[in-house]
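For reference, the structure is listed below as structure tokens.
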Amino acid sequence: MKKLMSSAVCAMAVAASFVTGQTEAQATAPVSVSYTFAQGAQGWTAGFADLPTDYLSTGIYETAFGWSAIPDQSGVNGLMIQSHNRSDDVFMYITKKIDASVGLAPNKQYTVYLNFDLATDAPGGGFGTGGAPAESVYVKAGAVSYAPTLTVENHGSTPYYVLNVDKGNQANDGADLQLVGNIAKPDSEVPGYQLKHFEHTFTVTTNAQGEAYLIIGTDSGYEGFTRIYYTNIQASFY
């Protein structure tokens, strides 16, 4: 009888340990999302900030956003975004809400490992009005717990759209978005678009609904035309 009881206790202990191990593994398993844009934009949207509120009616900012094949990259699709930086400070960005539907918990701080590819045709070492076409277009990334929206602020007598996210300014970090590089392509001697890889680690605390908004953008000091493409975006929340 003692042997039987001992065996039963041992079995229960093993089972409890197994369940505990499963629970701990589930608790520490990352929430991961991935976007290759093979069929479309997959819920990503875009915006433009730090430019006059009448920028669409004037037409001189040449803003556009959409899903398309990436030039010079056979079979690779992405999110195209462009603008002509006539304000010397245009911030163009893409954003996506990540929420409880993929496993995020409410009111929880996560460490986020983000990586993505950006297709650029801007060679390094160039010169342009206001700054270089490549090195003066600064790539930033991060996340917030609220929807990124545009507010209006007056710059002198001109109303401007301003993002409700602390992104810093051009090469400087903000509290919410940080500098991760620029759009100089990997090999300036090769013509056309090339994919450039970026990685960034940061923290974000979800809101009461278990939501966080990923944001990737470019803060430009180059007063010219920029067209880039985003693809292969992956994020893991730990």
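The values are calculated or read from the model by the stated rules, or taken from the named source; none is laboratory data. Please read these numbers as outputs of a predicted model, since none were measured by experiment. Please note: Cβ atoms are built from the backbone with ideal geometry, for glycine as well, and neighbour counts cover all protein chains shown. Accessible surface is based on the protein model in full, side chains and every heavy atom, while ligands, DNA and RNA are left aside. Shrake-Rupley method; radii C 1.70, N 1.55, O 1.52, S 1.80 Å.
Figures for the structure shown
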| item | result |
| --- | --- |
| Dipole axis of the chain (+1 Lys, Arg; -1 Asp, Glu on Cβ), positive-most option in A147, Y229, N169 | A147 |
| Convex hull volume per residue in cubic angstrom - Cα atoms of the chain | 162 Å³ |
| GNM result for the chain, Cα springs below 10 Å: residue of A132, A105, A29 fluctuating most strongly | A29 |
| GNM result for the chain, Cα springs below 10 Å: residue of S83, S188, S145 fluctuating most strongly | S188 |
| Protein-only accessible surface order, largest first, of R86, R227 at 1.4 Å | R86, R227 |
| Residue-wise HN-Hα coupling along the range 85-99, computed from phi with Karplus coefficients 6.51, -1.76, 1.60 (Hz; x: Gly, Pro) | 7, 7, 8, 6, 7, 5, 10, 10, 9, 10, 8, 8, 7, 10, 9 |
| Cα gyration tensor, the range 81-196 - rounded (a/c under 1.5), prolate or oblate | oblate |
| Residue with peak Gaussian network fluctuation, the chain [Cα springs, cutoff 10 Å], from L114, L163, L177 | L163 |
| Lysine pair number, Cα distance threshold 17 Å (strictly under), the range 79-238, separation 8 or more or different chains | 7 |
| Average accessible area per residue (Å²) across the chain - probe 1.4 Å, nucleic acids and ligands excluded | 49 Å² |
| Dipole moment magnitude, nearest 20 debye, the chain about Cα centre, only Lys, Arg, Asp, Glu C-beta charged | 1220 debye |
